[in-house]
Structure formats: C-alpha cells, structure tokens
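**Q** Mind looking over this structure? Questions follow.
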Amino acid sequence: MYEKGWGKKLNYVAAFGQYGVSDVARRYTENYEETLGRRTFFDEEQFAALIASANIEKLNRLSGKDRDWELRRQERERFEHLKERNPSTKEKLLPRQSGAADWILERGEDGLHP
C-alpha cells in the first residue's frame with residue numbers, strides 16, 4: 001500500500017508486539033531486493049541481531065507456556081518471510097487520503113512522486 005499507492009520508498013519496516021519485534025518489510029514492499037538496497041543505516045546482520053536481542057529480552061520475561069507460544073509464533077513468522085510475495089495488481093491503490101494536500105506532497109505520499 002505505502003509504496004504502490006502512496007509512492008513511499010520503504011527501507012526498514014518493523015512490527016512491535018506484546019512479545020516481540022519482527023522485520024515485516026517483505027509484507028509492505030513490492031520489490032524486496034530493491035528495498036534491501038535502500039537499507040543503509042544497518043547492514044542486514046546488524047538489523048537481525050538488533051531484532052533478535054529485543055526478542056530475547058522479551059522472551060526472558062515470559063512464563064513457560066507464553067514463551068513456548070511465542071517461540072512457535074516467531075517460527076511461523078520466519079517461515080512466512082521465506083515465501084515469495086505476490087502483490088495483487090488487480091487492486092487499485094490510492095495515494096494518501098487523509099491530511100492536508102501540502103503535507104501529503106511534502107511527505108511524498110501523493111502517489112505521483114516516487
């Protein structure tokens with residue numbers, strides 16, 4: 001949605017939840033390899049290590065049952081990341097619909113300026 005509709009070029013996309021952090025860039029980008037090329041703040045190993053460190057810290061705070069559940073969830077998440085993403089080209093994505101026009105343009109979310 002953000003890249004195709006709004007025209008945003010994403011680099012790092014992380015999801016923060018109650019039990020952990022995940023790199024979810026594959027879900028929100030159309031061309032993941034291109035996205036990786038825009039990642040310049042951390043290299044991929046550093047980014048993965050940062051996420052792993054945050055997850056270990058969170059896991060250490062969980063009880064056995066919750067910890068087991070979260071470990072299984074993280075495994076499913078890793079599996080999902082390995083799948084090829086096939087974005088729907090049928091869906092018409094619109095530029096940002098909320099906010100003042102000058103603010104949208106300033107942020108580059110008008111869908112016209114990549």
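**Q** Six or more apart or on different chains, Cβ atoms under 9 Å: show the pairs whose first residue is in region 68-82 and closer than 14 Å to residue 19 by Cα and touching a residue at least 24 places away in the same chain (Cβ under 8 Å) and whose second is surrounded by 14 or more Cβ atoms within 10 Å (Cβ to Cβ) and of a type in the set (Val, Ile, Thr).
**A** Sorted first by the residue in region 68-82, then by its partner, the pairs are 77/24.
Matching residues to (1) surrounded by 10 or more Cβ atoms within 10 Å (Cβ to Cβ); (2) modelled with pLDDT under 90; (3) of a type in the set (D, E, K, R); (4) in contact with a strand residue (DSSP E or B) (Cβ under 7 Å, 6 or more places away or on another chain):
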{"position": "7", "(1), (2), (3), (4)": "yes, yes, no, no"}
{"position": "44", "(1), (2), (3), (4)": "yes, no, yes, no"}
{"position": "90", "(1), (2), (3), (4)": "no, yes, yes, no"}
{"position": "108", "(1), (2), (3), (4)": "yes, yes, no, no"}
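**Q** Still on this structure, please answer the following. Looking only at region 24-41, count how many residues are of a type outside the set (S, T, N, Q) and at pLDDT 90 or above. Write out each step before concluding.
**A** First, pick out the residues of region 24-41 that are of a type outside the set (S, T, N, Q): 24-28, 30, 32-34, 36-39, 41.
Add one more test, that the residue is at pLDDT 90 or above, and what stays is 33-34, 36-39, 41.
Number satisfying all stated conditions: 7.
The values are calculated or read from the model by the stated rules, or taken from the named source; none is laboratory data. Owing to the predicted nature of the structure, the values given are computational and were not obtained by experimental measurement. Please note: Cβ atoms are built from the backbone with ideal geometry, for glycine as well, and neighbour counts cover all protein chains shown.
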